[in-house]
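Enquirer: Quick one: the structure is below, questions incoming.
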Amino acid sequence: MAVVLCWGAAVGLWAVLPRESGGVQVRPAATKSSPPTPKATESLPPFDTDDMPSEGFETQEIEGPNGTFFEVPRNWNRFDESREPDVVSYESEDSRASRLIIFTVAEATPSESIKAASDSDRITKGGYDEPFRGVVGGIARREFTYSDEELGEQFAVDCRFEAETDGNLYAIVAFGPVGQEGETRQVVERAKASFRTAE
(Lines give C-alpha, C1' and ligand atoms only; values in the text may rest on other atoms or scores of the structure.)
Protein backbone atom coordinates (compact mmCIF):
# COMPACT_ATOMS: atom_id res chain seq x y z
CA MET A 1 0.00 0.00 0.00
CA ALA A 2 1.41 3.37 -0.91
CA VAL A 3 2.93 5.38 1.86
CA VAL A 4 0.70 8.31 2.64
CA LEU A 5 2.40 11.63 3.28
CA CYS A 6 0.51 13.31 6.05
CA TRP A 7 0.46 16.92 7.10
CA GLY A 8 -0.51 18.25 10.54
CA ALA A 9 -0.72 21.61 12.25
CA ALA A 10 2.95 22.05 13.18
CA VAL A 11 4.22 24.68 10.72
CA GLY A 12 7.53 23.90 9.09
CA LEU A 13 7.93 20.28 10.17
CA TRP A 14 7.32 17.15 8.17
CA ALA A 15 6.26 14.30 10.44
CA VAL A 16 8.81 11.54 10.00
CA LEU A 17 7.70 8.53 12.02
CA PRO A 18 5.21 6.32 10.12
CA ARG A 19 2.70 4.12 11.87
CA GLU A 20 0.40 1.52 10.39
CA SER A 21 -3.31 2.07 10.95
CA GLY A 22 -5.83 -0.23 9.37
CA GLY A 23 -4.03 -0.52 6.05
CA VAL A 24 -3.42 3.23 5.79
CA GLN A 25 -0.03 4.55 6.83
CA VAL A 26 -0.26 7.90 8.53
CA ARG A 27 2.39 10.02 10.18
CA PRO A 28 1.73 11.53 13.59
CA ALA A 29 1.98 15.29 13.85
CA ALA A 30 4.28 16.98 16.31
CA THR A 31 1.51 19.09 17.87
CA LYS A 32 -2.18 19.82 17.58
CA SER A 33 -1.90 23.57 17.90
CA SER A 34 -3.68 25.87 15.47
CA PRO A 35 -1.11 28.20 13.88
CA PRO A 36 -1.98 31.46 12.16
CA THR A 37 -2.53 31.29 8.43
CA PRO A 38 0.91 30.93 6.79
CA LYS A 39 1.88 32.67 3.61
CA ALA A 40 2.49 30.69 0.44
CA THR A 41 6.23 31.12 0.90
CA GLU A 42 6.27 29.37 4.28
CA SER A 43 6.81 25.66 4.67
CA LEU A 44 3.94 23.22 4.42
CA PRO A 45 3.06 21.50 7.69
CA PRO A 46 2.12 17.86 7.85
CA PHE A 47 -1.52 16.94 8.24
CA ASP A 48 -2.86 16.76 11.75
CA THR A 49 -3.64 13.05 11.94
CA ASP A 50 -5.52 13.17 15.24
CA ASP A 51 -8.86 13.56 13.46
CA MET A 52 -8.17 10.97 10.75
CA PRO A 53 -10.23 7.77 10.98
CA SER A 54 -8.06 5.10 12.58
CA GLU A 55 -9.64 2.29 10.59
CA GLY A 56 -8.79 3.74 7.19
CA PHE A 57 -10.81 2.73 4.15
CA GLU A 58 -10.65 0.34 1.21
CA THR A 59 -9.75 1.83 -2.14
CA GLN A 60 -10.00 1.14 -5.83
CA GLU A 61 -7.56 2.32 -8.48
CA ILE A 62 -9.09 4.40 -11.24
CA GLU A 63 -7.76 6.11 -14.35
CA GLY A 64 -7.35 9.87 -14.23
CA PRO A 65 -6.45 12.49 -16.85
CA ASN A 66 -3.55 11.93 -19.26
CA GLY A 67 -3.39 8.20 -18.54
CA THR A 68 -2.68 8.69 -14.84
CA PHE A 69 -3.90 6.39 -12.08
CA PHE A 70 -4.77 6.97 -8.44
CA GLU A 71 -6.91 5.50 -5.67
CA VAL A 72 -10.35 6.58 -4.46
CA PRO A 73 -12.52 5.01 -1.76
CA ARG A 74 -14.10 1.77 -2.91
CA ASN A 75 -17.68 2.11 -4.20
CA TRP A 76 -17.29 5.79 -5.02
CA ASN A 77 -18.81 6.57 -8.42
CA ARG A 78 -17.58 8.64 -11.32
CA PHE A 79 -19.86 11.58 -12.08
CA ASP A 80 -18.04 13.67 -14.70
CA GLU A 81 -18.85 11.90 -17.95
CA SER A 82 -19.90 15.20 -19.55
CA ARG A 83 -16.81 17.13 -18.45
CA GLU A 84 -13.57 17.81 -20.28
CA PRO A 85 -11.25 14.80 -20.69
CA ASP A 86 -8.62 16.33 -18.40
CA VAL A 87 -11.01 16.36 -15.41
CA VAL A 88 -11.97 13.20 -13.48
CA SER A 89 -14.42 13.34 -10.58
CA TYR A 90 -15.68 10.74 -8.09
CA GLU A 91 -18.31 10.96 -5.36
CA SER A 92 -19.35 8.76 -2.45
CA GLU A 93 -22.19 6.37 -3.13
CA ASP A 94 -24.43 7.93 -0.47
CA SER A 95 -23.76 11.65 -0.82
CA ARG A 96 -22.23 14.01 -3.37
CA ALA A 97 -21.04 16.10 -0.42
CA SER A 98 -18.02 13.76 -0.28
CA ARG A 99 -16.15 13.82 -3.56
CA LEU A 100 -12.75 14.04 -5.20
CA ILE A 101 -11.68 15.82 -8.37
CA ILE A 102 -8.37 15.54 -10.21
CA PHE A 103 -7.42 17.66 -13.19
CA THR A 104 -4.50 19.21 -15.03
CA VAL A 105 -3.72 22.86 -14.40
CA ALA A 106 -2.46 25.54 -16.77
CA GLU A 107 -0.33 27.66 -14.45
CA ALA A 108 3.46 27.37 -14.56
CA THR A 109 3.97 26.26 -10.95
CA PRO A 110 1.95 24.65 -8.14
CA SER A 111 2.34 27.88 -6.14
CA GLU A 112 0.87 30.01 -8.92
CA SER A 113 -1.94 27.51 -9.42
CA ILE A 114 -2.96 27.33 -5.76
CA LYS A 115 -2.97 31.13 -5.51
CA ALA A 116 -5.09 31.50 -8.65
CA ALA A 117 -7.61 28.96 -7.32
CA SER A 118 -7.71 30.69 -3.95
CA ASP A 119 -8.27 34.10 -5.51
CA SER A 120 -11.08 32.75 -7.69
CA ASP A 121 -12.83 30.90 -4.86
CA ARG A 122 -12.80 33.98 -2.63
CA ILE A 123 -14.99 35.65 -5.23
CA THR A 124 -17.20 32.76 -6.32
CA LYS A 125 -17.78 30.72 -3.14
CA GLY A 126 -20.06 32.05 -0.42
CA GLY A 127 -18.68 32.09 3.10
CA TYR A 128 -15.19 31.23 1.85
CA ASP A 129 -12.57 30.87 4.59
CA GLU A 130 -9.01 29.65 4.05
CA PRO A 131 -7.21 28.90 7.33
CA PHE A 132 -4.21 27.45 5.55
CA ARG A 133 -2.25 27.78 2.31
CA GLY A 134 1.39 26.81 1.88
CA VAL A 135 4.04 25.31 -0.39
CA VAL A 136 6.92 22.95 0.30
CA GLY A 137 8.96 20.58 -1.83
CA GLY A 138 7.08 21.53 -4.99
CA ILE A 139 3.69 20.63 -3.46
CA ALA A 140 1.16 23.41 -2.84
CA ARG A 141 -1.79 22.84 -0.52
CA ARG A 142 -4.65 24.79 0.93
CA GLU A 143 -7.54 23.93 3.21
CA PHE A 144 -10.75 25.93 3.05
CA THR A 145 -14.42 25.95 3.95
CA TYR A 146 -17.38 27.48 2.15
CA SER A 147 -21.18 27.36 2.03
CA ASP A 148 -22.90 25.44 -0.76
CA GLU A 149 -26.63 25.98 -1.31
CA GLU A 150 -27.19 22.31 -2.14
CA LEU A 151 -24.57 20.52 -0.06
CA GLY A 152 -24.31 22.78 3.00
CA GLU A 153 -21.10 23.69 4.78
CA GLN A 154 -18.15 22.14 2.95
CA PHE A 155 -14.53 21.50 3.90
CA ALA A 156 -11.96 21.00 1.15
CA VAL A 157 -8.29 20.10 0.74
CA ASP A 158 -6.62 21.25 -2.48
CA CYS A 159 -3.23 19.73 -3.40
CA ARG A 160 -1.27 20.83 -6.49
CA PHE A 161 1.97 19.30 -7.71
CA GLU A 162 4.12 18.47 -10.72
CA ALA A 163 4.20 14.79 -11.68
CA GLU A 164 7.76 13.51 -11.78
CA THR A 165 7.18 11.23 -14.75
CA ASP A 166 5.36 13.42 -17.27
CA GLY A 167 6.14 16.93 -16.01
CA ASN A 168 2.48 17.99 -16.03
CA LEU A 169 0.90 19.92 -13.18
CA TYR A 170 -2.10 18.32 -11.47
CA ALA A 171 -4.61 19.31 -8.83
CA ILE A 172 -6.27 16.85 -6.48
CA VAL A 173 -9.16 18.37 -4.54
CA ALA A 174 -11.20 16.46 -1.95
CA PHE A 175 -14.46 17.79 -0.51
CA GLY A 176 -16.52 16.67 2.46
CA PRO A 177 -19.00 18.00 4.99
CA VAL A 178 -17.69 20.22 7.76
CA GLY A 179 -17.17 17.91 10.71
CA GLN A 180 -15.56 15.19 8.56
CA GLU A 181 -12.22 16.90 8.04
CA GLY A 182 -10.23 13.79 8.90
CA GLU A 183 -11.96 11.67 6.28
CA THR A 184 -11.55 14.38 3.65
CA ARG A 185 -7.85 14.76 4.36
CA GLN A 186 -7.39 11.01 4.15
CA VAL A 187 -9.12 10.83 0.76
CA VAL A 188 -6.83 13.44 -0.81
CA GLU A 189 -3.76 11.95 0.87
CA ARG A 190 -4.48 8.47 -0.46
CA ALA A 191 -5.08 9.84 -3.95
CA LYS A 192 -1.82 11.83 -3.90
CA ALA A 193 0.26 9.00 -2.43
CA SER A 194 -1.03 6.49 -4.99
CA PHE A 195 -0.81 8.84 -7.99
CA ARG A 196 1.15 7.37 -10.87
CA THR A 197 1.39 7.61 -14.63
CA ALA A 198 1.02 4.71 -17.01
CA GLU A 199 4.07 2.45 -17.33
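The values are calculated or read from the model by the stated rules, or taken from the named source; none is laboratory data. Note that this is a predicted model, so its numbers are computed, not measured. Don't worry about glycine lacking a Cβ; one is built from the backbone with ideal geometry, like all the others, and counts go over all protein chains shown. Side chains included, ligands, DNA and RNA excluded: accessible areas come from the protein's heavy atoms. Shrake-Rupley method; radii C 1.70, N 1.55, O 1.52, S 1.80 Å.
Enquirer: Per residue, how many Å² of accessible area does the range 94-199 show with a 1.4 Å probe?
Expert: 42 Å²
Enquirer: What is the calculated FRET efficiency for Asp121 to Glu149, with r their C-beta to C-beta distance and R₀ = 22 Å, to the nearest 0.05? The partial results should precede the final answer.
Expert: Values: r = 15 Å, r/R0 = 0.70.
It comes out at approximately 0.90.
Enquirer: Kindly provide the Kirkwood hydrodynamic radius of the range 106-199 in Å, to one decimal, from all pairs of distinct alpha carbon atoms. Can you show the working numbers first?
Expert: Details: mean 1/r = 0.0723 Å⁻¹.
In the range 106-199 this quantity evaluates to 13.8 Å.
Enquirer: For a quick check of your reading of the filter: which chymotrypsin sites (Phe, Trp or Tyr not before Pro) in the range 71-151 sit in a DSSP loop and have no more than 16 other Cβ atoms within 10 Å?
Expert: Phe79, Tyr128
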